[in-house]
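The values are calculated or read from the model by the stated rules, or taken from the named source; none is laboratory data. Remember, it's a predicted structure, so these values are computed and weren't measured experimentally. Positions of Cβ are backbone-derived with ideal geometry, glycine not excepted, and every protein chain shown enters the neighbour counts.
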Amino acid sequence: MKTKKQQITKAVLNEAGRLASEPLTAKQLDTLREFTEERLDTHGKYGYMFQTVAYYKRQLVPVGDIKGIATYILENNFIKTI
(Lines give C-alpha, C1' and ligand atoms only; values in the text may rest on other atoms or scores of the structure.)
Protein backbone atom coordinates (compact mmCIF):
# COMPACT_ATOMS: atom_id res chain seq x y z
CA MET A 1 0.00 0.00 0.00
CA LYS A 2 1.34 3.41 -0.93
CA THR A 3 1.34 6.36 1.41
CA LYS A 4 -0.29 9.63 0.47
CA LYS A 5 3.17 11.21 0.07
CA GLN A 6 4.17 8.50 -2.42
CA GLN A 7 0.94 8.94 -4.38
CA ILE A 8 1.43 12.71 -4.59
CA THR A 9 5.06 12.28 -5.65
CA LYS A 10 4.07 9.79 -8.36
CA ALA A 11 1.37 12.14 -9.70
CA VAL A 12 3.81 15.07 -9.79
CA LEU A 13 6.48 13.02 -11.57
CA ASN A 14 3.97 11.74 -14.15
CA GLU A 15 2.90 15.32 -14.87
CA ALA A 16 6.55 16.46 -15.02
CA GLY A 17 7.23 13.73 -17.58
CA ARG A 18 4.38 15.05 -19.71
CA LEU A 19 5.53 18.67 -19.42
CA ALA A 20 9.23 18.09 -20.10
CA SER A 21 10.31 18.98 -23.64
CA GLU A 22 12.52 15.86 -23.84
CA PRO A 23 12.12 12.43 -22.22
CA LEU A 24 13.47 12.41 -18.66
CA THR A 25 16.44 10.19 -17.83
CA ALA A 26 16.50 7.89 -14.81
CA LYS A 27 18.92 10.27 -13.06
CA GLN A 28 16.62 13.25 -13.69
CA LEU A 29 13.59 11.31 -12.40
CA ASP A 30 15.50 10.35 -9.25
CA THR A 31 16.55 13.97 -8.69
CA LEU A 32 12.99 15.23 -9.25
CA ARG A 33 11.63 12.59 -6.85
CA GLU A 34 14.05 13.66 -4.12
CA PHE A 35 13.33 17.35 -4.79
CA THR A 36 9.57 16.75 -4.51
CA GLU A 37 9.76 14.60 -1.38
CA GLU A 38 11.95 17.16 0.40
CA ARG A 39 9.40 19.89 -0.22
CA LEU A 40 6.30 17.94 0.77
CA ASP A 41 5.48 18.79 4.33
CA THR A 42 2.69 17.88 6.73
CA HIS A 43 1.01 21.10 7.68
CA GLY A 44 -1.54 20.57 10.43
CA LYS A 45 -5.13 19.99 9.41
CA TYR A 46 -4.39 20.73 5.75
CA GLY A 47 -2.42 17.50 5.23
CA TYR A 48 0.39 17.54 2.71
CA MET A 49 1.42 20.87 1.24
CA PHE A 50 4.25 21.67 -1.16
CA GLN A 51 6.81 24.26 -0.05
CA THR A 52 8.13 26.80 -2.55
CA VAL A 53 10.12 29.96 -2.06
CA ALA A 54 8.65 33.13 -3.51
CA TYR A 55 10.25 36.48 -2.87
CA TYR A 56 12.54 34.92 -0.24
CA LYS A 57 9.58 33.75 1.84
CA ARG A 58 8.32 30.21 2.34
CA GLN A 59 5.06 29.59 0.54
CA LEU A 60 2.82 26.53 0.83
CA VAL A 61 1.07 25.32 -2.31
CA PRO A 62 -1.88 22.90 -2.15
CA VAL A 63 -1.03 19.55 -3.71
CA GLY A 64 -4.17 19.78 -5.84
CA ASP A 65 -2.15 22.02 -8.16
CA ILE A 66 -0.15 19.11 -9.61
CA LYS A 67 0.60 20.92 -12.89
CA GLY A 68 1.93 23.99 -11.07
CA ILE A 69 4.13 21.86 -8.82
CA ALA A 70 5.46 19.85 -11.79
CA THR A 71 6.33 23.06 -13.63
CA TYR A 72 8.06 24.41 -10.51
CA ILE A 73 10.24 21.33 -10.02
CA LEU A 74 11.22 21.24 -13.70
CA GLU A 75 12.18 24.91 -13.74
CA ASN A 76 14.16 24.63 -10.50
CA ASN A 77 16.11 21.68 -11.87
CA PHE A 78 16.84 23.45 -15.17
CA ILE A 79 14.77 21.10 -17.33
CA LYS A 80 13.02 22.67 -20.32
CA THR A 81 9.25 22.45 -20.54
CA ILE A 82 7.02 22.42 -23.59
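In the range 26-48, is there at least one residue being among the aliphatic types (A, V, I, L, M), in contact with a Leu (Cβ under 9 Å, 6 or more places away or on another chain) and not in a helix (DSSP H, G or I)? No, the conditions are met nowhere in the range 26-48. Summed over the range 57-82, residues that are surrounded by fewer than 10 Cβ atoms within 10 Å (Cβ to Cβ) and at pLDDT below 85 total 2. Residues in the range 11-38 that are closer than 14 Å to ILE66 by Cα, modelled with pLDDT under 95 and loosely packed, with under 15 Cβ neighbours inside 10 Å: GLU37 only. Residue count for the range 16-37 under the criterion of being over 13 Å from ASN77 (Cα atoms) and under 9 Å from the mean Cα position of the chain (by Cα): the result is 1.
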